[in-house]
Every structure is written in structure tokens, then in C-alpha cells.
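Have a look at the structure below before the remarks.
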There are 2 protein chains.
Amino acid sequence: MYRTNTCGELRLEDRGRKVTLAGWVQKVRSLGGMTFIDLRDRYGITQLAVGADADEELRQTASQLGREFVIQVNGEVLERQSKNPKLPTGDIEIKVDGINILNKAQTPPFTIEENSDGGDDIRAKYRYLDLRRPPLQKALALRHRLAHEVRNFLDSEGFMEIETPYLIKSTPEGARDFVVPSRMNPGTFYALPQSPQTFKQLLMVSGYDRYFQIVRCFRDEDLRADRQPEFTQIDCEMSFVEQEDVLDTFERMMVKMFKNALGVEISSPIPRMSWYDAMDNYGSDKPDIRFGMTIHDLSDRVKGAGFGVFDSAEYIGGIAVPGCASYTRKQLDELTEWVKRPQVGAKGLVYVRLNEDGSIKSSVDKFYTEEQLRGIAAACEAGAGDLLLLLCGEKRKTQTQLGVLRIELGNRLGLRNPAVFAPLWVVDFPLLEWSEEDGRFYAMHHPFTAPKPEHLPLFMSDRKEDLERVCANAYDFVLNGTELGGGSIRIHNAEMQERMFEVLGISKEEAEYKFGFIINAFKFGAPPHGGLAFGFDRMCALFGGQETIRDYIAFPKNNQGRDVMIDSPSRIDAAQMDELFLVSTAPADDKGI
Amino acid sequence: MYRTNTCGELRLEDRGRKVTLAGWVQKVRSLGGMTFIDLRDRYGITQLAVGADADEELRQTASQLGREFVIQVNGEVLERQSKNPKLPTGDIEIKVDGINILNKAQTPPFTIEENSDGGDDIRAKYRYLDLRRPPLQKALALRHRLAHEVRNFLDSEGFMEIETPYLIKSTPEGARDFVVPSRMNPGTFYALPQSPQTFKQLLMVSGYDRYFQIVRCFRDEDLRADRQPEFTQIDCEMSFVEQEDVLDTFERMMVKMFKNALGVEISSPIPRMSWYDAMDNYGSDKPDIRFGMTIHDLSDRVKGAGFGVFDSAEYIGGIAVPGCASYTRKQLDELTEWVKRPQVGAKGLVYVRLNEDGSIKSSVDKFYTEEQLRGIAAACEAGAGDLLLLLCGEKRKTQTQLGVLRIELGNRLGLRNPAVFAPLWVVDFPLLEWSEEDGRFYAMHHPFTAPKPEHLPLFMSDRKEDLERVCANAYDFVLNGTELGGGSIRIHNAEMQERMFEVLGISKEEAEYKFGFIINAFKFGAPPHGGLAFGFDRMCALFGGQETIRDYIAFPKNNQGRDVMIDSPSRIDAAQMDELFLVSTAPADDKGI
């Protein structure tokens, strides 16, 4: 061992001890003949002192040290003259007897400190240097701690971690698969799993009862901001359970994680909200309930006043923005432009100012009396000083726009404190989602989710209106406006699964080709089962109080799916292509690195 | 919840309790108007009894039950008339009040019992049914337990589990990579990792100090028996350590796993053997030390007696097979044929029988006196009743053949008891291995292993003889003749790494293209580091007392790399190929399913 202690552990009570430390040179300062060196490792920083009276060779070596040199030092722990209360080791320093340079370092291209001076691109290229920074070290330590807590909890509840294969079969339904050409079976491909969904259900058929896995998943999507082509899931499944059992188990898990990893007490039971209420009141299936500003349906109240835009709309909804009656015309114009951006897609914005002095001013004064406006305000639970914002159009679309506007204003008004944790179960999701574009239903969760038993008659109906009303025992775990996980009670019956594929417009042949093994498995005694999966990258980020997952992944890819550090993806040898019986038809100038 | 108890937990003290169980019908027997049902889940089997006096509907339902039906039953725990001491629940049975058939089952294609009547192929196709069998359930439970023990131990030692990427860069050195075409970067490919070797070294450069990961690895090899294209490793790395620190840490881990998972006490320290001694005495770099029968170098003793075969051989070695002097001529002929098979490759076999009556008989009587033969026997530590077997040829090749013969005879003589665990560290491996075929050196471990510091002058030499003598601080963990893991102290210096690539005949350009990021990383302050990796699939199998890993993997692939249950690999849609800019040139009749 190159050290007797880490750079984070020596204290005043270690005074007089002879120690050996090893680490990275954070900083070197000369002061009146003395040389002070901050030595860093992942446990902390310890100050080293080379005295003016030290021998020539030692002073020589100390003077050669540069940032990020790796050194080993021997010396004695002394009480410091001027203590540093900001450092846990700030009461002591090491009087150095000897320095051994283990490895020199070129000057790093950016500073290795709490906040670096390097831009995103250079830090990505030198990820191994960025990873030395304390915030990233803390992020990965939190990730390790959370994974360990999850495993300990689930193990104590009788769950078994079972590894499922990564080389599986391509079954494109939803996102694109990454595929892997098989050399031994020319012309064929494996696929990387988008999730172990079918395998965990097979494990239930096999009687494993309580399964989990912290597992990598892969999706070849066009990357939106903060998505990764590979991501990690906490994947769980249970047999002989109903929705209540699943929610109870994972509610206890989350409460324990908050407590053990963050010291945060989450009051149990965690609130629940139906999908319909979430959409109606928050315009989102993942409401942030840390603040109010809920959406109110004003359709009945504002229609028929001669304001054509409202009169012809299916739905009119509003939110009361607290304390913003004083918004200027310019601010309101900016907000109007903001909701009209294609990312939100509203046609316009109606406002009502409830001034502090009791007066009211709106952009629709010519259509509504003050009385009527006060009625609208009351319906939105708005008081003096608040600003009402109204949108109209198709119901769900308008609610979603109001939801986006609500979140934006929550951000602007500082109502979304990352140190406050407000978990929520969203339940009773619709089973199916109609796509106007494709003229077919899609599964809202996935095609293995079961309809609620009481909705079976609707599920067997051929009418679109009936099928739209079918609900599932499906549930999402939402934290601070982000969906952290979700799951459902599954179909466990072959006929029901076949009916599901029929409803989704998947032909018998296609279903047999893609999912034959699971339909078949259901014929040999499948137990009732259900489960859920959590997005682990995002869970880590939220627990760490961050919006972006990138710092919680050791080696993430950029928005083009590239790892710029290792320069991947890249060309492969012609011999490799030949062995795989593959020819690339990519345009020549795209071919490569 | 569909049950109040599992099928493995009720005991005599539960008498009189009203319970609800759920599980699979293992067996139905009718006896004098009574119906007995064995109900199974992963926790055990409980006997259900439907009385002759039960109501008509209940008796009707019981009579319909078939093997593997999934049922839920209500009833009362009663003391059994005729107890079954073989079952933990054998003192009780459930007097059934009601049966709810949760799911019917077709008759499974093989029996779901300790030993199934199904062949390998049918059980692979219906893997989800085979996984219901108790030996497989025990195997996966052991695997979960071992993984959990590993994580708890390493966490308690300050190791952090850090996930490294699965979509990396193809760097073919050794085995073939599986590659993944990138749709977003046409013409380029990711590769699946053969191990996280470079990433864990980068994490050391980043200061993570103590890293581990239980991680999937991928190798596109022509599959030998009992190899899988994807396999799991316990991957570990430490900074500021020497070989002794690594061995100490993982020795403690293994001792703990044996104790906690198997209740087996392994005496510490675990023995160590140099690679040279292992080759000389056991003809293997992974000796099974559960039994003796070591190899003895007889070259000096037997040469020059006029026996041309020995006189012209570089090396003659022998083993003493205990108690086998009585082998018949036929048995010896069979052994001779066995060593001449291409898998062993010996040219012939010389024997010396040390008969119980003190007489000696050998196949080379005309070249050696009885005196000389007794000298050979003494050199091999053979006594009366033993059989000496001698092979000759090139030194290492002959030792290897003797090693294979030794293991074969160990098996035949029952000297390899799977319930006995004899771990061993093999140390001091040569750094390099010369390939006559390719006319170049290969790294014996991998190109990141450091030469022993005292061998640096040899390492800098250009003479083949010098380079062949360079040793590494590399080590393998061997259990019962199987290599379970291995590792080394790594190179942490850019110039040394460049020298290594030079020795391996990897050009500067090639090294830069494939490993530029790690050579570069070493320039910014890399700490001394080392580590190792264990093969987790095989570890589970050996701990379970089995030779084959297949039962310890939930969904393994067959020898053609196929998963016959999901029928993968398979063709993908033409649209998928187009999106990837790929055309397959595989012969039409090879194109998959």
C-alpha cells in the first residue's frame, strides 16, 4: 500500500503520528521560504508543508511539483498555525520528510475544482479529468449508495436479482432497437433490450415470484436533450399481487431511500392522483405538486359571451399566477410569445389582472363584465394581486399547454425548490391511446398491461369510444414533476394477450413472430403478476437535486450519441464487415471518425 | 395479495390457522374419495386435501386440476395423519374450503421435477418451464446470494460500484468484438465491451480509488463447450496498491463468500504458486491441488540409455498414479490411445508398473535396468502398487499433456470431489507469450499489465530471449483446477504503455487510434493501480458444485450462440437495414429463420 491514510481522514487527535499519504497535487503555494501543497484524493484534501529548513533535495522536489502530479509523501501530523475551518482536515498539516513523485502530469486543459473553467466539449473529451471534480465524485458516490440501498431493501423483502440477456431479439414496437449482427448466424441480428419486460414476465411464469434487476437498457432514438442511448433501470416484478401490493412495496422502498441516502423523511402514504385528475388539474401525467397554481375548467363559465375564440373552443382553462398582477404589458407579450412557440403550441393567451387595489384589467374586457371576470377569478381560486392566464382549444391539448405554462411560471417564481421532495403516485391510466396520425391504438404503457377487470366488457368491444374508456391498473411514480418510474398489473392469460395484440392492430402472424414465446408461455400456467421499473439515472439526478442526468453517469454520450472521449462510434475494419456479411451504403463522407 | 403464506412456510405450530395459498399444481392423487394436491412455489411444496365430504362444486373443481395449473386455495392448517419427513411442511396439510383456478395449463412437454424427463433441446425451447425445476431455482438463488455477498463485502471495504458504458469502441485485440451499427452516425459502429478494462483504468486516473462492477461482457468467439457470447464478470480495480494489497483484499472476499454462502471455512492464507512451478509440477496454469500425482522432470535420469525416443526429446516427465499398478494391458492401451487423441496430442505413453509384490514391469524394460526403473519411481515418489506414466517431447507441451492426463486420472479415480474446495493463487506470470505462428509476442494477460519493476531492463531489451523472461505482477485465482479470476498490477505511465505496444508490434498509429484516450489519460497524472476480475458465471457453478455454467444463467444461449426460446438472432426488417445503411451479403439460405 502506498499510503497509511487517505487525504480526508487526519484530525487533530492524530498529532505527532508519522504518516504516508498519496494523491494528486491540487495547489502549490510558496510563502516565506515555506512551500504548501494541497494534496487531494476522493476522500478530501490535506495540507502538506515543506519547511524553509528542509534539505535541499526535498525543497527542490517540492518546487518541481505541478498541478495534478501524483505524489507520495512521508511526514508527521502537526497542528496548524492558521486553521482552515472549511476543511475537515483543516486543523492539521503534514510536515513533509520526503516526496516521491509517482507520476508527472501535463497541465490539465481546465481547472479541476468545484466549478471548472472548461466548456462542455473539452470536459467531455477529457472526461477522466472532469470526473476528478468534487461534484462529479459526489454524484457517483450518491449513485453507488442508492443502488446499494435498493439492493439491500429488495433483498430483505425476498426479491432475487436475476440477470436477463443483453443479446435478444428485435421486436420493434415503440422505439427503435439497436441491433447486433451475428457472425455465426449470417444475415441475422440480435437486438439490445429496450427493457427486460418479456424476460421478467417469463421469470414470473417460471415461479421466481419476486424479481429485480438494476439493468442497462438501450433505445436508438433521436436524442432529445438529456436522453442517453443507454440508460439504467431498476426493474422489478412480483407474482400473486394486486396493484396495492406493488405500490405498498415500492412506496416503502422510496421512503427508505430518501431516509438512508438523503436523511429526508417522506410522509407515508404517498399521495395518489388519477391520471384524469392529473390531466384536468395539472395538465400533465407527471404533476409537480410542490406548488399549487392548478388548472381550472372555465368552459361553462366563459362560453356564450360573444368572444368567438372561446365560443368555438372545446375547452377553456385557466391558472392563477400568485402575485403577478403587476406584470407589465411587455412581460405579458413575452409570455404570449412564449406559449405560441411551437414547443407549446397555443394560439394565444388571455390574461386577467386582479390588481392589489381591487381593480380588474383583462385582455377581454369588451366581452366580459367585471362581475363575470370576478366569477372567473373565484373559479380559479385567485385573489388580489394574482394574474389569471387562460388558454383555449382542444381539451387535452389545452390542458397540456396550461401544464407547461404552469411549470414555466413555477420555475420563474422559484416555486420548484430542488431540496423539497414531493412524490406522488399517478394511477388509473387509460389502457390505450388513439393515434390520429396512424389511425390505430397504441398501448399507453406497453402491450402487456392488463385492462382493469371491471373494464373487460369495454375492452372486448369493437367501438373506439369504448376502447378509449378502458383503464388499466397502471401507475407512475412521479417526483417533483418528473416521472421516475412506472408499471402495471400485467396480462397473464394467453387469450387476453392475443386480444390486446388484436386491439393494437398487430396481426396474428406478427404477434406470433415477435411475441410467440410469451403468448406460448402463458399457456403453461402463468400466475397473476405485476411490477414496475424506475429510471435510475434520473432518480440519482433528482436525489442529487439536479435536473440533468449527465453528471450521474460516469461516461455519458453526447446529443449525437457519441462518446467523444473514446471517439465512438467509429469505422470498423473491412475484415470485420466481411465476417459479418455486411456492406455499408452510407455516403462516403459520413463514413466515419 | 393472493396469499397469506407461501408453500414453504407452514409448520405444525400453525395448526388451526385459516390460510390462503397460491401456486402451481405439482401432483394430484385420489385416495378413497379424498383428493390430495401438492401445491408448489419457489419456497416449497404444501399438501392440500379435499375431503370426500367436501361440497360437490369443490370436489368437481379439484378433479379438473391438471399439472402446472395455477390455483389459489383457502383452508385450515391441520396436522397430517401420515407425515412426510422429507418435506419441511410434511407435518401439516391444508383442509381446503375453496379453490380458485387462476390460470389453466396445457400439459408441459416434460416433467417439472428434480430430474426432468426432457432432453436438452426441448428444455431450452421451454426454458421458462425448465426454470421451475428446483435445481435451477436453487442455482439462481445461489447466484443472487453470491452477488449480494460480493456487493456487501466490497461496499464495506470502500469500493464504489460504477457503471461503465456498453456501447463503446471496437478495439480488436484478442477475441472478436460484437459490433452495433450506429444509425445516427452512418457507416460507423459501436462495440460491446469484452471487459471494462480501459474504463476501470480511466476511473483510477479519475481518482475513484476502489472501483467494482458486476458487469456483462461480450465476446464473439466460436463457442467452445460451456462458453457464452455474453457472460458476467466481477470487475475490480484499486489505486495506490501493490500486488499484496490486491491479493489480501480479494482473499478476504473469497473466504467470506465461502463462509456466508456455503458455510465452508477456507483456511487463510490461500496457498500461492508461481506460474513456473504450476507448469513444472501440474502441467497447468490452473492446477487442481485437491490431489497430488504431481509431474516430475525425469529428463536427466532417463536420457542416454539408448532409448531413442527419450534420448532425442527435450523433456521427459512422469506422474505416479496411485494404486493403478494392476491396470491391464487393455486399460494401458486405452490410456495410450487417449493421450494420442488430437485434444491431448502425445506421441505415445511409457508405463512402469510397480507391482504390489515388489516386482517391476515397464514398456521400456529393454532399455532400463530394474535399478534404473526404481530410481525413476523414487524420483516420482511412487510406491508399491502405483503406476508410472511417462510422456516426452517439447518441455511445456509435454508438461501440459501430463497435466491433462493427471486431471483425467484424477476424475477416473474420484480424486476431484466437488464438495471439497481448494483455492490457490497462481502468481509471477510471464508478461509475454511468443506466437510461432504469428511471429510476434502477445500479452499473456492483456496489454495493460506492467512488467515487474525488477524486470524493467529485460523489458527494454530488443532480444526475444530477454523479453520471454520478463515477469509480471499478475495473478490468477484458481479453484479446483478452474481459473475463476485474474488480474495484475497495471502500467500507469504513458511511455511504458507505448513501449508495451511497441513490444506487441502494435504501430504508433494503431495504438493511437485504438487506445489513444488511455495513453493520453496517463499523461495527466495516473496513480499506480491494479485489480482483477472474476468470472461470475463459473464462480456460481463451482460454488454450486457443478461443472457447467448453463444452469446458473437464467436464459443462456446454445453452442451456436442462439436463444432457441425467443428464436434469436433473427432477421430484421428491410426498413431497419435501410436506416442503418446496411446490406447483407449472406447466402440466401443462411438468412436466418
Multiplying the sequence separation of A:Glu13 and A:Leu87 by 0.36 nm and subtracting their Cα-Cα distance, what value in nm do you get? 25.1 nm
Going down the list B:Lys27/B:Lys256; A:Lys508/B:Lys95; A:Lys286/B:Lys514; B:Lys514/B:Lys557; A:Lys256/A:Lys397; A:Lys200/A:Lys508, which pairs span over 32 Å between their C-alpha atoms? B:Lys27/B:Lys256; A:Lys508/B:Lys95; A:Lys286/B:Lys514; A:Lys256/A:Lys397
Using a 1.4 angstrom probe on protein heavy atoms only, which residues from the range B:63-112 are buried by at least 10 Å² of accessible area when all chains are present rather than their own chain alone? B:Val70, B:Leu102, B:Asn103, B:Lys104, B:Ala105, B:Gln106
Paired Rg and Dmax values of the range B:114-222, which use every Cα atom, in angstrom: 19.0, 55
For residues of B:156-165, the mean tally of beta carbons on other chains within 10 Å: 6
Quick one: if you stick a label point 7 Å off each Cα along the C-beta vector at A:Arg252 and B:Gln60, how many nm between them? 4.0 nm
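Could you tell me the relative contact order of the range B:190-325? Use alpha-carbon pairs under 8 Å, at least six residues apart, and round to a whole percent.
Over the range B:190-325, the number comes to 13 percent.
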How far is A:Thr328 from itself in the other copies, in nm, if each label sits 7 Å out from Cα along the Cα-Cβ line, shortest first? 11.0
Give me the accessible area buried between chains A and B, both sides summed, with a 1.4 Å probe, in Å² rounded to the nearest 100. 11800 Å²
Of A:535-547, A:109-121, ordering from highest average Cβ density within 10 Å down gives A:535-547, A:109-121
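Dividing the convex hull volume of the alpha carbon atoms of the range B:515-593 by its residue count, what do you get in Å³ per residue?
On the way: hull volume 16.1 nm³, N = 79.
Convex hull of Cα atoms, per residue: 204 Å³.
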Distances from A:Arg11 to the same position in the other copies: list them in nm, one decimal, shortest first, using label points 7 Å from Cα along Cα→Cβ. 4.5
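Could you tell me the convex hull volume per residue, in Å³, taken over the Cα atoms of the range B:12-103?
92 Å³
Work out, step by step, the length gained on full extension between B:Glu242 and B:Glu433: first 0.36 nm times the residue separation, then minus their alpha carbon distance; give nm to one decimal.
Value of the extension gain: 66.4 nm.
Going by the alpha-carbon gyration tensor, a ≥ b ≥ c the square roots of its eigenvalues, is the range B:291-412 rounded (a/c under 1.5) or, if a/c is not under 1.5, prolate (a/b greater than b/c) versus oblate? Working shown, then result.
On the way: a/c = 1.44, a/b = 1.05, b/c = 1.38.
Rounded shape, in that the Cα axes give a/c under 1.5.
Hey, got a sec? Which GluC sites (Glu not before Pro) in the range B:410-480 land in a DSSP loop and have at most 16 other Cβ atoms within 10 Å?
On the way: sites: B:Glu433, B:Glu436, B:Glu437, B:Glu454, B:Glu465, B:Glu468; in loops: B:Glu436, B:Glu437.
Within the range B:410-480, the qualifying GluC sites (Glu not before Pro) (loop, at most 16 other Cβ atoms within 10 Å) are B:Glu436, B:Glu437.
For peptide A:203-214, how many partner chain Cβ atoms fall within 10 Å of a residue's Cβ, on average?
5
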Per-q log10 I(q)/I(0), the protein assembly as shown, q = 0.07, 0.08, 0.09 Å⁻¹ (Debye; single scatterer per alpha-carbon; no solvent): -0.85, -1.07, -1.29
What Kirkwood hydrodynamic radius, in Å, does the range A:456-593 give when the mean of 1/r is taken over all pairs of distinct Cα atoms and then inverted? 20.1 Å
The range B:11-70 and the range A:94-149: distance between their alpha carbon centers, rounded to Å: 62 Å
Which distances, shortest first and in nm, link B:Arg341 to the matching position in the other copies, using label points set 7 Å out along Cα to C-beta? 7.2
Cα extents of the range A:196-262 along the principal axes, largest first, in whole Å, come to 38, 35, 17
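In the range B:430-524, which trypsin sites (Lys or Arg not before Pro) fall in coil by DSSP and have 13 or fewer other Cβ atoms within 10 Å? Mind showing how you got there, number by number?
Working: sites: B:Arg440, B:Arg463, B:Lys464, B:Arg469, B:Arg490, B:Arg499, B:Lys508, B:Lys514, B:Lys523; in loops: B:Arg463, B:Lys523.
Those that pass, being in a loop and sparsely packed, are B:Arg463.
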If the reach is capped at under 23 angstrom between alpha carbons, list the lysines near B:Lys330, excluding any in the same chain fewer than eight residues apart. B:Lys340, B:Lys347, B:Lys361, B:Lys366
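Computing the accessible area with a 1.4 Å probe over protein heavy atoms, can you report the carbon and sulfur percentage for the range B:12-103?
On the way: 2030 of 4440 Å².
Carbon and sulfur atoms account for 46 percent of the accessible area of the range B:12-103.
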Computed over chain A, the relative contact order (Cα-Cα under 8 Å, seq sep at least six) in percent reads 12 percent
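Which helices count as membrane-span-like in chain B under these terms: full DSSP H, at least 15 Å along the axis by C-alpha, Kyte-Doolittle mean of -0.5 or more? Intermediate results must be reported in sequence, preceding the final value.
Working: long enough: B:134-156 (33 Å, -0.45); B:243-257 (21 Å, -0.39); B:329-340 (16 Å, -1.34); B:395-412 (25 Å, -0.97); B:508-521 (17 Å, -0.38).
Counting only whole DSSP H runs, the qualifying helices are B:134-156, B:243-257, B:508-521.
Return the average number of partner chain Cβ atoms within 10 angstrom of each residue Cβ along peptide B:570-583.
Details: counts 12, 6, 11, 2, 0, 1, 8, 4, 1, 2, 10, 7, 10, 5.
Counting other chains' Cβ atoms within 10 Å and averaging over B:570-583 gives 6.
What fraction of the Cα pairs in chain B, stated in percent, has a spacing above 49 angstrom? Before the final figure, lay out each step's value.
Details: 50246 of 175528 pairs.
The calculated P(r) of chain B puts 29 percent of pairs beyond 49 Å.
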Cross-link partners among aspartates and glutamates for B:Lys18, C-alpha distance below 16 Å, same-chain residues fewer than 8 apart left out? B:Glu9, B:Glu76, B:Glu79, B:Glu93, B:Asp97
Mean Cβ count within 10 Å, highest first, over the residues of peptides A:559-568, A:123-132, A:204-213: A:204-213, A:123-132, A:559-568
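For the range B:376-475, what does the accessible surface come to per residue with a 1.4 Å probe? Please give it in Å². Spell out each step's value before the answer.
Working: 4230 Å² over 100 residues.
On a per-residue basis, the range B:376-475 sits at 42 Å².
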Distance in nm between label sites at A:Ser267 and B:Ala141, each 7 Å beyond Cα in the beta-carbon direction? 4.2 nm
On each of the three principal axes the extent of the alpha-carbon atoms of the range A:333-488, given in whole Å and largest first, is 57, 41, 30
Note: B:Ala175 to B:Arg412 extended length (0.36 nm per residue) minus current alpha-carbon separation gives 82.0 nm
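The values are calculated or read from the model by the stated rules, or taken from the named source; none is laboratory data. These figures come from a predicted structure and were not determined experimentally. Cβ coordinates were reconstructed from backbone atoms using ideal geometry, including for glycine residues, and neighbour counts include every protein chain displayed. With ligands, DNA and RNA removed, areas are computed over all heavy atoms of the protein, side chains included. Shrake-Rupley method; radii C 1.70, N 1.55, O 1.52, S 1.80 Å.
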